[in-house]
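The values are calculated or read from the model by the stated rules, or taken from the named source; none is laboratory data. Everything quoted here is computed from the prediction, not taken from an experiment. We place every Cβ from the backbone using ideal geometry, glycine too, and count neighbours over all the protein chains shown.
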Amino acid sequence: MISVGLTGNIASGKSTVARRLHERFGLAVIDADQVARDVVEPGEPALAAIADRFGPAVLRDDGRLDRTALGAVIRHDPQARLELEAITHPAIYAAIERWLHQQRSAGATIAVVEAALLVETGQKHRYDRLVVVSCSPKRQVQRLMARDGISRGEAREWLSTQLLAADKERVAHRVIHNNSDHAALEREIAAAVTWLTEGAA
């Protein structure tokens, strides 16, 4: 089985590509953001560790994580953020590894992990192939403005916080370009699937 890390900057179309890989081509796909939410559900060891470190104030009355309260704690405290990541990241990676093992045992030939920060966090090495969804900054700004109802300046500020798409493309095994229309993107996805399938054969 080939494991694929799928990544891309904000508003590049990464989630759209992930959805189409699953819906159109039937590939097994997992969203790392959802995994990150799952590992801090009540009863999970990571949530207990967070409560031990940051106190009961980061929990809601129903025992679930209060993300707003936790965000207020770590927003201006880099050390606290690092300590939180030291709790959550191993739990996330372990959950993804379990999922990949399940897909392999089920006979999948390709399994895709959609994750935003594979390159930035140095996690790209965990996967056999790295696929980057990329589009021009101009397109990103347009999509962000339309999606989130924000100004051009705010959209550009978002982009300035991220690693340049060109830097991600340089380390990718395959780039899916999303600069045109839906039909063009579908062709890019289909070509990527053919490439992955040939590699898995």
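Quick check on my filter: what residues within the range 27-55 are in contact with a helix residue (DSSP H, G or I) (Cβ under 7 Å, 6 or more places away or on another chain), assigned to a loop (DSSP other than H, G, I, E, B) and either more than 30 Å from Leu196 (Cα to Cα) or free of Cβ contacts under 8 Å to residues at least 24 places away in the same chain (or both)?
Hits for the range 27-55 are Val40, Glu41.
From the list Thr121, Thr109, which residue is at pLDDT below 90 and among the polar types (S, T, N, Q)? It would help to see each step written out before you state the result.
Details: Thr109 fails: at pLDDT below 90.
Of Thr121, Thr109, the one residue that is at pLDDT below 90 and among the polar types (S, T, N, Q) is Thr121.
Identify the residue in the range 60-86 that is outside any helix (DSSP H, G or I) and farther than 17 Å from Ala36 by Cβ and, among all such residues, is farthest from the chain's Cα centre (by Cα). Please lay out each step first, then the result.
Initial filter on the range 60-86 (outside any helix (DSSP H, G or I)): 60-66, 75-77.
Within this subset, residues satisfying the condition of being farther than 17 Å from Ala36 by Cβ are 60-63, 75-77.
Numbers: Arg60: 26, Asp61: 29, Asp62: 28, Gly63: 26, Arg75: 21, His76: 24, Asp77: 24 Å.
The extreme case among them is Asp61.
Kindly provide the set of residues from the range 4-22 that are among the polar types (S, T, N, Q), modelled with pLDDT of 95 or more and buried (at least 24 other Cβ atoms within 10 Å of the Cβ), ordered by number.
Thr7
Specify the residue that is farthest from Leu6 (Cα to Cα); the eligible residues are those in the range 39-61 that are loosely packed, with under 14 Cβ neighbours inside 10 Å and acidic (Asp, Glu).
Asp61
I'm trying to understand the selection: among the residues of the range 167-189, which are among the aliphatic types (A, V, I, L, M), in contact (Cβ under 8 Å) with a residue 12 or more places away in the chain and farther than 13 Å from Val131 by Cα?
Step one: of the range 167-189, the residues among the aliphatic types (A, V, I, L, M) are 171-172, 175-176, 183-185, 189.
Keeping just the survivors that are in contact (Cβ under 8 Å) with a residue 12 or more places away in the chain gives 171-172, 175-176, 185, 189.
Within the range 167-189, just Leu185 meets the criteria.
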